[in-house]
Amino acid sequence: MKIKALIAASACVALLAGCTNNPYTGERQAGKAGVYGGGGAVAGALIGAATSSKDDRAKGALIGATVGGAAGAGYGYYVDRQEQRLRQELTGSGVQVVRNGDHLQLIMPGNITFASSSADISSSFYPTLNSLVKVFKEFDKNGIDIVGHTDSTGSLELNMRLSQQRATSVASYLTGQGVSGARISSRGVGPSQPVASNDTQEGRAQNRRVEINLRPL
């Protein structure tokens, strides 16, 4: 019973430590760092208890909870901060910031990044890319996967080539501004991953996009 109480207490501390104010509503909420920290605390406590002798089981659970909670909250806090910085830098740019667990995704519509049927970056998009460079240098613990997408208009061969060229253009600009090329990969998938119907003009516009997926190294 003592071990269970220690596990619960450790998880609660981690959750409370991760509480933040929602920047959009002003309400107090459990941040992702707290969620990750709580999960890490529970996992660490269970492992610590399981690997200790009977007499030292409570002590092992407490140590495991502390270490596990710190590790979980550490990465959760890192991603929280990175997401916050990206939203600050990209406000009004037209780029969407999407959070999915440990991963961050940046969705850049084609109408703000490239001219029609071109892989040359629009001059108006350079300030936005410079904002990305700033954040990528500040937060350098992510792999940067750049994926080009097109609608289904035109031949598959043309769309595959165009989507790859656009992804490569973004990757080349980032590395040219000092972002480590070892972190970056780029590929084009053409029209194979639509997010809307290609039967309408609005849908095709959504499908013409470049995505940047940020993942743990």
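Readers should treat all values here as calculations from the given coordinates under stated rules, not as data from a laboratory. No experiment lies behind these values; they were computed from the predicted model shown. Note that we place each Cβ from the backbone using ideal geometry, even for glycine, and neighbour counts take in every protein chain shown.
Please specify each residue of the range 131-173 satisfying the condition of being part of a loop (DSSP other than H, G, I, E, B) and not small (Gly, Ala, Ser).
Phe139, Asp140, Lys141, Thr150, Asp151, Thr153, listed by residue number.
With (1) over 17 Å from Leu86 (Cα atoms); (2) among the acidic types (Asp, Glu); (3) within 17 Å of the chain's Cα centre (by Cα) as the list, and Glu157 as the residue in question, which single condition is left unmet?
The number of the failed condition is (3).
Conditions first: (1) surrounded by fewer than 12 Cβ atoms within 10 Å (Cβ to Cβ); (2) in contact with a helix residue (DSSP H, G or I) (Cβ under 7 Å, 6 or more places away or on another chain). Thr150 passes all but one, so which condition is the exception?
Among (1) surrounded by fewer than 12 Cβ atoms within 10 Å (Cβ to Cβ); (2) in contact with a helix residue (DSSP H, G or I) (Cβ under 7 Å, 6 or more places away or on another chain), the lone unmet condition for Thr150 is (1).
Being aliphatic (A, V, I, L, M) and farther than 27 Å from Arg99 by Cα is the filter here; which residues of the range 120-159 pass it?
Matches in the range 120-159: Leu156, Leu158.
Could you run through the range 94-107 and say how many residues are buried (at least 18 other Cβ atoms within 10 Å of the Cβ) and over 14 Å from the mean Cα position of the chain (by Cα)?
0
Return yes or no: is Ser131 within 15 Å of Tyr173 (Cβ to Cβ) and free of Cβ contacts under 8 Å to residues at least 24 places away in the same chain?
no
Whether any residue in the range 195-205 is under 17 Å from the mean Cα position of the chain (by Cα), buried (at least 16 other Cβ atoms within 10 Å of the Cβ) and within 23 Å of Ser117 (Cα to Cα) is what I want to check.
no
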